[in-house]
Amino acid sequence: MFCKKHLPLKILSPTKTAIFFGFIFSLLTSTNILAAAGDSITNIATINYDIAGIAGSSNASVSFIEDRRVNFLVTESNGSAVPVISDMNNAVMQFTITNNGNIVHDFLVAAVNASPNPFTTVADNFDPLAGTVNVFAESGVTPGYQVVEDTAVFIDELAANASRDVYIVADMPTRAVGDDAALALVAQAAEGGVAGVEGTAINADDNGNVSPAGLFSNGLTNMPAGTVNTVPDSPLTMETVFNDPVGLNLEDVSTDGVQDVVSNGQHADAGAYEVISPVNVLKAVTVIDTVGGIDPHPGATLRYQLTVTVSGNVAVDNLIITDVIPVNTTYTDASILLNGVAQTDANDAPVDYSRAIDILSKPVVSIEIDLSQGNVVSVAPGITNVIIFEVTIN
């Protein structure tokens, strides 16, 4: 229960000339511990007494209306930078908004470029492509961001003590591996009460606190800064009290671009995107010795396996894998397999797009597999290619 009013309790006393043989005082208070905003809370004091054997009693009461406590929390949910690749589309960053107040609220949401990187010492050195950064609320149908399902641009009718997931979705520019982009998700308290309709922003409370101006709902709602309210406190009116916490770190910014302050009707937390390589390669080796064991002695065979996977959601062009033959070994002719299919050693495209370099003059110095087939085929994300070749220990 939250209340900023402090009201006196009036007790009616019997006359000073009375003779008291017994006196009992009781104080009855509201038991509405989890009172909702707008509830009437009444306090009653009762006095029971005897005067010359005649019982008497009196009481007094006082009431007030429970204020609206605006308190909520934005929490980044990924726990580390979200891995993305250069030129990736629809990269998703997840947050959770929790209503810690005492009434149903709508919440307006916006993504704001922030700095520094909230997770590492790597500098925040780029922003997502302008015009591609959007924020969507979880629909509750399928967990995780779903393009078709999660289309709401504000949090609708979030009950007290309830939470909702929110997603920042953005496209990446062309960037180098290791680059980072920090963004803060900003939530703004708004009026609840009508399902499916975005509530009006609550940009000022009744204690002189105001919200900074901001652009919300993917650019659809342009909220002005709040105006300081100097209306005197009234016990018979449900008043609005901003009680939202401060942004914990420098990058947890409000819509004005500076660190979020306490009791401004907004709260923020920051996340980050980090550019990784779009192609992942795992390499393993199996030893096959001359007597069927695994002893790597001269004459034993080393069978190498490369597993190549494209990440993200952007196809890769001109993807060529080259592997140098280790020193003190000799390439085994015609041992290249691509996804289980035997490849020729000769440079004979379009028969296949694999070759053993210097196969004619020997020794072979490396093998090469062109997964893009002369840069004609783009390798789609999620596709895995397995390459195997063998060498013999000299």
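Identify all residues within region 307-357 that are touching a residue at least 60 places away in the same chain (Cβ under 8 Å) and part of a loop (DSSP other than H, G, I, E, B); write none if there are none. Residues satisfying the conditions are Ser311, Gly312, Asn313, Val314, Ala315, Asp317, Leu319, Ile325, Pro326, Asn328, Thr332.
One line per residue, one yes/no per condition, for (1) outside the structural domain of Gly265 (by TED's automatic domain parsing); (2) surrounded by fewer than 16 Cβ atoms within 10 Å (Cβ to Cβ); (3) among the polar types (S, T, N, Q); (4) closer than 23 Å to Met172 by Cα:
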{"position": "Gly79", "(1), (2), (3), (4)": "no, yes, no, yes"}
{"position": "Pro83", "(1), (2), (3), (4)": "no, yes, no, yes"}
{"position": "Asn89", "(1), (2), (3), (4)": "no, yes, yes, yes"}
{"position": "Asn113", "(1), (2), (3), (4)": "no, no, yes, yes"}
{"position": "Phe136", "(1), (2), (3), (4)": "no, no, no, yes"}
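For region 289-329, filtering for residues that are closer than 21 Å to Val275 by Cβ and among the charged types (D, E, K, R) leaves 1.
For region 246-286, taking the residues that are part of a loop (DSSP other than H, G, I, E, B) and touching a Phe, Trp or Tyr at 6+ places or on another chain (Cβ under 9 Å), the one that is surrounded by the fewest Cβ atoms within 10 Å (Cβ to Cβ) is identified as Val262. Would it be correct to say that Gly292 is outside the structural domain of Phe154 (by TED's automatic domain parsing) and either buried (at least 20 other Cβ atoms within 10 Å of the Cβ) or out of contact with any helix residue (DSSP H, G or I) (no Cβ under 6 Å at 6 or more places or on another chain) (or both)? Yes; evaluated as a whole, the condition is true for this residue.
Being under 17 Å from the mean Cα position of the chain (by Cα) and at positive phi is a description that does not apply to Gly196. Considered as a group, the residues in region 218-245 that are polar (S, T, N, Q) and out of contact with any strand residue (DSSP E or B) (no Cβ under 8 Å at 6 or more places or on another chain) include one that is surrounded by the most Cβ atoms within 10 Å (Cβ to Cβ), and that residue is Ser234. Can you say whether Leu215 is aliphatic (A, V, I, L, M) and either farther than 15 Å from Phe136 by Cα or loosely packed, with under 14 Cβ neighbours inside 10 Å (or both), as far as the supplied structure shows? Answer is no for this residue.
Of the residues screened, Ser254 is not one that is polar (S, T, N, Q) and either without any contact (Cβ under 8 Å) to a residue 40 or more places away in the chain or not assigned by TED's automatic domain parsing to the domain that holds His105 (or both). Within the option set Asn347, Asn264, being in contact with a strand residue (DSSP E or B) (Cβ under 7 Å, 6 or more places away or on another chain) and under 30 Å from Asn113 (Cβ atoms) holds for one residue only, Asn264.
Does region 66-77 hold any residues that are surrounded by 19 or more Cβ atoms within 10 Å (Cβ to Cβ) and not acidic (Asp, Glu), and which are they?
Correct list: Arg68, Arg69, Val70, Asn71, Phe72, Val74.
Residues of region 309-334 that are under 28 Å from Asn394 (Cβ atoms) and within 40 Å of the chain's Cα centre (by Cα): Ile320, Ile321, Thr322, Asp323.
Looking at region 195-211, can you tell me whether even one residue there is outside the structural domain of Ala37 (by TED's automatic domain parsing), among the hydrophobic types (A, V, I, L, M, F, W, C) and at pLDDT below 95? Scanning region 195-211, I find no residue that is outside the structural domain of Ala37 (by TED's automatic domain parsing), among the hydrophobic types (A, V, I, L, M, F, W, C) and at pLDDT below 95, so the answer is no. Have a look at Gly38, Gly56 and point out the one that is outside any strand (DSSP E or B), outside the structural domain of Ser163 (by TED's automatic domain parsing) and more than 31 Å from the chain's Cα centre (by Cα). Going through Gly38, Gly56 in turn, the sole match is Gly38.
The values are calculated or read from the model by the stated rules, or taken from the named source; none is laboratory data. None of these values were measured; they are calculated from a predicted model. Methodologically, a virtual Cβ is constructed for each residue, glycine included, from the backbone with ideal geometry; neighbour enumeration extends over all protein chains shown.
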